[in-house]
Structure formats: C-alpha cells, structure tokens
Amino acid sequence: MSGGRCSIVWFRRDLRIEDNPALAAGVRAGAVIAVFIWAPEEEGHYYPGRVSRWWLKQTLAHLDITLRSLGTSLVTKRSTNSVSSLIEVVKSTGATQLFFNDLYDLLYEPWEITDVDGRPFATFVDFWNKCLSMPYDPAAPLLPPKKIISGDLSRCPSDTLVFEDESEKGSNALLARAWSPGWSSADKALTNFINGPLVEYSVNRKKADSATTSFLSPHLHFGEVSVRKVFNLVRIKQVIWANEGNKTGEESVNLFLKSIGLREYSRYTSFNHPCSHERPLLGHLKFFPWVVDENYFKAWRQGRTGYPLVDAGMRELWATGWLHDRIRVVVASFFVKVLQLPWRWGMKYFWDTLLDADLESDALGWQYISGTLPDGRELDHIDNPQFEGYKFDPKGEYVRRWLPELSRLPTEWIHHPWDAPESVLQAAGVELGSNYPLPIIGIDAAKSRLQEAILEMWQREAASRAAAENGTEEGLGDSSGSHRFAFPQYVQMEVEREPIRNNPATMIQRYEDQMVPSMTSFLRVEEEESSVDFRYLPGDSRPEVPANLDLGLDSRRETSNQGGSQIVRYNDTFPLFNATRGLQDVEDSTESSSSNSGRKGRDGGLVPVWSPSAPSASSSSYSERFVGENSGLGRS
DNA sequence: AGTTCGTTTTA
DNA sequence: AAAACGAAC
C-alpha cells in the first residue's frame, strides 16, 4: 500500500532497525525518509557530555551504514528546534506522514502498571512485582525491515553534525578501544552476556571491578537495542535454567532483570513525576540544608577526598567514563551523605562524564541514594567507605589500580590509610596530606553534621507548614525562589595537587536548593531552569507547529489527520526531556500556588494530558498526594 | 511441620 | 535497623 506515499521516520533514542515500531510503520506505509535531528540546546542544562556525544556520533554513523544497505540513508539535521527542522524536511521531501517512537522504551506503558486503585506505584518493589506478574507479556520484538524504499532526498541535504571539538578528539580516541557503539554491537553484547557472564551475575555483581556486567547501558540509552528484546532473550534463558534446576542461573536472571526493572522504574517515575530529575520526590527534602562547598565538590570530582574507594571510583570515572554500579553508589552516597553536597550537582556531573549517562536512571539513582524517595536509603544513614572498601574490593586491587600513590600500601590499610602507622606509610611511600589527602571530613563529624541538617530540615518543614496553615505565604521552602544561586563552573578538570584541607564546620554554607550546575559553555547562562521550551506544548500558538504533535493520545497506535498531513504516533507524547521540564511547572503550581509568579515561561498553556488514561486532574492530584503522603515518612 | 535463630540484603 | 530469607532444630 505504498502508492507513492512517503513517510518521515524520526529517529531519536531508538537508533536501531530491529524492534523499531516507527520504522516498521514507515516501511509498511511506503517510502521512508530517515531523519535524525541534533538539537542539544533543547536539553537545556543537560547538554550531553563529551563521551556521550562520542557515542552518539559512532552510533549514528553505524545506523547510516545500515540504512544504506537497506536502500536509503540517514538525513541528519543540526537544529535548535526539532519541530521546525521536521517541518523543513516535510517541505523538502513532500512527506505526508511522520512516525516516531517514545523516548522511553519500556516493557509496558506507564499507565498499564498501577495498583488496584489505578494509581501509579511509589515504590520499586511493588512496581516491579506488578510488571513481572502482568497477565500478558510485553510486546514481542519486531523484526527488522528487509528493505527500505527511500523517499526523495535530492532536495533534503544533510547537515554535518559536529559532536566533538578538537580538544576532545584525543580523549575520545581511547574510547574506541573499549567500546563499540551501534545496534549490531549492542546485539552482540547482549548475546555474549546472556551466553556468558549472565549465569554468574549474582556471584560477581559485588566486585568493584568485575567485568561481568552486561555493559548494555549505553546501548540501551540510545535505543540500539530495545528492552523488550533484552527481556525476551533473558526470559528464554530463565526458562531453560529453571527447567535445569540451575539455582545460580535463576538467581542471576532475577537480579539482572531487576536492574532492567530499575531502568523501567526510572522512566516510570519520570513519567509520573516529570520533575524527578530536579526535585526530591519526598516533599520535606526540599527543606534539607545542603552544604554548598565548591572545594568539596572539586575534591570529589578529582578523586581527592582521602577515602580510597571513593577516590579510585572518581578517577576511574574521569578516565574511562565508566563506573561499576556498586561504585556509583559508593561515590554518590559519599557525595550526598558525607559531603552533603546537593545531589543534583552529583547527578549533573554523572551526566557530563558517564558513557551511559541517562537522565532518568541517574535521577532515580541519586534520589535513591539521597533518601528522597519513599523507598530509598534511610536519610540518616551514612555508608562508611572504609567498610564498603573491604566489601567490594577486599584485596584493594581496585584502589591500587586507580590510585597508584597507594599501590604499595598493604591491604590491611588500603581502605583507611589515615589509621596506618607512620612506618607503614613511609615504607609505602605515602605521605598523607601531601601525595595523598587526609580525609576531607571524618565520618563521625559527617554523621553529626547530618543529624543537625536533618533536624533543621524538619524544623523548616514544620515552620513552612505552620505558615501555610496560617494562610501566610511561605517563602522558606520555596525552592524556586531567591535561594537559588548559580552553580560553580567547571569546564576542564584541573588536576592540581593542592592538598585538600578540612573545612571547619563554621565555614559551611548551606542553601535550600541549588541550581543545577551549568558547566558547559554552550549554554545560555541567563536561562533559568524554568525557561522551559514550550515549543512542544499545546497551547503554544506558534503557527508552524502541527497542533496534534503533542496531544496526549492514549491508545497505543493512533492516527490523526490534519491539513493533508498524517501524523502517526506510537504511544508517544513528545520528547521526554522537553516534556519533563514543561511539566515540572504543572507540579509546581499544584504544590506552591504562588511561587510561580517570578518564573518565566510558566504562563503558557501547560498541562498536556501527560498520562492519558489518567486525566490531567488526577495526575496532578496524585503528585500532591504523593508528596503529602510521604512527607510524614521517616519522622519516627 | 513449625518455630527459632542467624545471615544477608536493602531501589 | 528491619525485613526477608534460609538453615537448623
């Protein structure tokens, strides 16, 4: 049924051929124009980091090669406005249809996974149990097209996309030795993992430098392989091992699937709480007095905190863009609980440096660590890096690899050199405070400081509540107000050797909430985070935007006709990032009614029907309830 | 079989 | 610290 019809298939975070519903639909409908639009400015603060851009570059090249072998090629556009670029492509190709997938790639649609009352889950375990006990399986993966009829590209030239500058090329060259982006490598990685390390997953997952993780995360981030395919293949293995009575295998599968589930949950959470990369999900956490100390932040980034496991992790991250999940937890927990720096800074740093940087996953991870989720770590619990060191790196191999200055220290002291006798240090060539720092802050000091901070948080929360009950407008907890301040800049990672000194507690500044770090020079600095790009939102009057781009359609596949141009949506809303920031305002307005006034851009007609099966009213009241419900948690 | 004790885990 | 799990009684 091609009949000369031509569709645009807009690739976004689905850079694959197989199990790509939008591509399949385009191919079925006739000729196809495959498009990728590079519009990083639309991500606001979250301009992708160096390694992430490197990956994207490689995987796009790979996709292009594949498309060429199938009969077309990838049209690339550099843009600051994806929608106008799309329209340009429509005009220059005469396409009459547009297909694109969700930005979230999930096993089930978010609105399918609810409790008995139809409400979204607020804890992971319940969410995941529900996913695993759904009466029907996730959609089976689609096969790749055998051939693609190309639309007319003669009047639709590609832009050359620039993903790295000269200074980045050198560092990026190394990445290619360890990683191979692209859907076919993703497939290979998946099969290798399933047939290899997966059985041992449960045994090996505790080791800091284990090479037995799946290494799928960057592939999944860019959609080079669909979760449904991962899930399917793993489930097959699971059935086999269950029949064989392979206990280790079964346990491994469950654990691996759980980590897939966490990725699911991160998207689910972002869907139900679009601001979850910006704000704690537990209401009272917005009163937490984070420590704002750029020296702390710098010491952490440079791996000079004086805690070997933390420092080793941070050096590995900087050197390779990779970190084992355990170590991510260690460095993040240290960041939040010991240093008490605002978690969003840490999250932003991960975003800038991780090869598999993923806003949804990282937001969930940081919130979990920070204790800002209903089911996260205890707020007042501090993980002791020394003990964790002996747990995850019992022989100190990991530390020695990344901290050569400690390499000659015996294992007995490797995770707490500050306790080592002078003679031992001397023999190992370690001079604390000189070639390796003393602890930036003692764990005991951190513990009491944390207690105070929590106390202060509850006091402020109470004060704010009292003020609200009096009808007085609270200014105290208004995280969007004047307490925000610009973020410390770091553009390059200086590796200077100045000793880190302890900060006297009196020097510590605390603020209620922080702007996300804006460390890339690409960003327009004057932008507040609230200057959401409303291009995609309904109610925006910009004439060139097809009005039905952002309708909250709830069926899995729905079509609409408008002005002769058909737009087919695959259970999509609009790009998640943009949506995410747009919807944040929705929640704001439900929570602190008057704090909006100072913010730009929030007057536009917001509230797209984000969760279609639950009308907008219920989605905002749910958020309210969520915060309200849980604000009392943990007080006991 | 049911209880208890110890261990492990903790999104 | 608590809960879930599992082994032992």
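The values are calculated or read from the model by the stated rules, or taken from the named source; none is laboratory data. All figures in this text were calculated on a predicted structure; none of them were measured in a lab. With ideal geometry, Cβ positions are generated from the backbone for all residues, glycine too; neighbour counts draw on all protein chains shown.
Of the residues that make up region A:255-274, is at least one modelled with pLDDT under 85 and within 16 Å of DNA strand B (Cβ to nearest atom)?
Within region A:255-274, not a single residue is modelled with pLDDT under 85 and within 16 Å of DNA strand B (Cβ to nearest atom).
For region A:383-395, which residues satisfy the criterion of being touching a residue at least 24 places away in the same chain (Cβ under 8 Å), assigned to a loop (DSSP other than H, G, I, E, B) and away from DNA strand B (no atom under 13 Å from the Cβ)?
A:ASP393
Can you tell me which residue in region A:159-205 is farthest from A:SER85 (Cα to Cα), limited to those that are aliphatic (A, V, I, L, M) and in contact with a Leu (Cβ under 8 Å, 6 or more places away or on another chain)?
A:ILE194
Tell me whether region A:47-54 contains one or more residues that are closer than 25 Å to A:ARG155 by Cα, modelled with pLDDT of 95 or more and crowded, with 22+ Cβ neighbours inside 10 Å.
The answer is no; no qualifying residue exists.
Suppose we filter region A:156-178 for residues that are exposed (fewer than 15 other Cβ atoms within 10 Å of the Cβ) and at pLDDT 95 or above; how many remain?
Of the residues in region A:156-178, 4 are exposed (fewer than 15 other Cβ atoms within 10 Å of the Cβ) and at pLDDT 95 or above.
With respect to A:SER133, determine if the residue is closer than 29 Å to A:CYS6 by Cβ and without any contact (Cβ under 8 Å) to a residue 60 or more places away in the chain.
No.
So which pairs qualify, if the first residue must be in region A:357-377 and touching a residue at least 60 places away in the same chain (Cβ under 8 Å) and over 10 Å from A:VAL336 (Cβ atoms), the second must be more than 10 Å from DNA strand B (Cβ to nearest atom) and basic (Lys, Arg), the Cβ gap must be under 7 Å, and the two must be at least 6 apart or on different chains?
Listed pairs, sorted by first residue: A:GLU360/A:ARG267.
What are the residues in region A:89-146 that are closer than 19 Å to A:THR269 by Cα, small (Gly, Ala, Ser) and surrounded by 14 or more Cβ atoms within 10 Å (Cβ to Cβ), if any?
A:ALA122
Residues in region A:441-460 that are within 16 Å of A:ASP293 (Cβ to Cβ) and part of a helix (DSSP H, G or I): how many?
Going through region A:441-460 one residue at a time, the tally reaches 6.
Consider A:PHE99 carefully, then state whether it is on the phi < 0 side of the Ramachandran plot and not in a loop (DSSP other than H, G, I, E, B).
Criteria met by A:PHE99.
Restricting attention to region A:281-302, does a residue exist that is more than 14 Å from DNA strand B (Cβ to nearest atom), small (Gly, Ala, Ser) and free of Cβ contacts under 8 Å to residues at least 40 places away in the same chain?
no
Let's see how each residue does on (1) in a helix (DSSP H, G or I); (2) away from DNA strand B (no atom under 15 Å from the Cβ); (3) more than 20 Å from A:GLY442 (Cα to Cα):
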site: A:VAL329; (1), (2), (3): yes, no, no
site: A:PHE335; (1), (2), (3): yes, no, no
site: A:GLN340; (1), (2), (3): no, yes, no
site: A:TRP345; (1), (2), (3): yes, yes, yes
site: A:TYR349; (1), (2), (3): yes, yes, yes
site: A:ASP352; (1), (2), (3): yes, yes, yes
site: A:LEU355; (1), (2), (3): no, yes, yes
site: A:ASP362; (1), (2), (3): yes, no, yes
site: A:TRP366; (1), (2), (3): yes, no, yes
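Within 29 Å of A:TRP179 (Cα to Cα), within 22 Å of the chain's Cα centre (by Cα) and surrounded by fewer than 24 Cβ atoms within 10 Å (Cβ to Cβ): which single residue out of A:ALA332, A:ALA319 fits that description?
A:ALA319
Return a yes/no flag: does region A:200-221 have any residue that is of a type outside the set (Asp, Glu), more than 16 Å from DNA strand B (Cβ to nearest atom) and at pLDDT below 90.
Among the residues of region A:200-221, at least one is of a type outside the set (Asp, Glu), more than 16 Å from DNA strand B (Cβ to nearest atom) and at pLDDT below 90, which makes the answer yes.
Does A:ASP375 qualify as being outside any helix (DSSP H, G or I), within 14 Å of DNA strand B (Cβ to nearest atom), out of contact with any Cys (no Cβ under 9 Å at 6 or more places or on another chain) and not aromatic (Phe, Trp, Tyr)?
Yes.
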